[in-house]
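The values are calculated or read from the model by the stated rules, or taken from the named source; none is laboratory data. Keep in mind that this is a model prediction, so the values were computed, not measured. Here the Cβ positions follow ideal geometry from the backbone for every residue, glycine too, while neighbour counts run over all protein chains shown. Accessible surface areas use protein heavy atoms only, side chains included; no ligands, DNA or RNA. Shrake-Rupley method; radii C 1.70, N 1.55, O 1.52, S 1.80 Å.
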Amino acid sequence: KMIVVMVRIPVGSDEEGERIARSFRERIGSVNGTPGFLGFELLKGEHEYISLTRWASREALRDWAGSEEHAAAHSRPQAPTSAGHPHAEGHASSAGAPASSTLVYEVVIPSGEQ
């Protein structure tokens, strides 16, 4: 079953948000071609960003998370909010915003099914 990973990344300022978006833009494509990877979106809210990735299965996500490619994609020094690190947890924003959180969901009704 398809898996969706959502990482909530609180931001304390517009500048911090732009740093996060830029970090994701620079990494676009680093996960493309990974078996089981289905897609990525970065959502912008009022005081947060949401990184959303879609995976064919928990196994595909687990394989990516344990891969050298994953380690290489996340080895750069990160900003205080972890610059949108796709699996960030427990990192507070430089402006004192709440910590990031990672949520993993199994899709039970895919889009297009009625």
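Some points to look at:
- Residue that is least open to solvent (accessible area, probe 1.4 Å) [pool: residues in segment 50-69 that are in contact with a strand residue (DSSP E or B) (Cβ under 9 Å, 6 or more places away or on another chain) and part of a loop (DSSP other than H, G, I, E, B)]: Ser57
- The requirement of being modelled with pLDDT of 90 or more and within 21 Å of Glu16 (Cβ to Cβ) is fulfilled somewhere in segment 52-73, by at least one residue.
- Residue check for Phe24: of a type in the set (A, V, I, L, M, F, W, C), under 16 Å from Tyr105 (Cα atoms) and either open to solvent by 50 Å² or more (accessible area, probe 1.4 Å) or in contact with a Ser or Thr (Cβ under 9 Å, 6 or more places away or on another chain) (or both): no
- Selection count, segment 32-49, where residues are within 11 Å of the chain's Cα centre (by Cα) and surrounded by 17 or more Cβ atoms within 10 Å (Cβ to Cβ): 3
- Candidates are the residues of segment 4-21 that are within 25 Å of Arg62 (Cα to Cα) and touching a helix residue (DSSP H, G or I) at 6+ places or on another chain (Cβ under 8 Å); the one that is surrounded by the most Cβ atoms within 10 Å (Cβ to Cβ) is Ile9.
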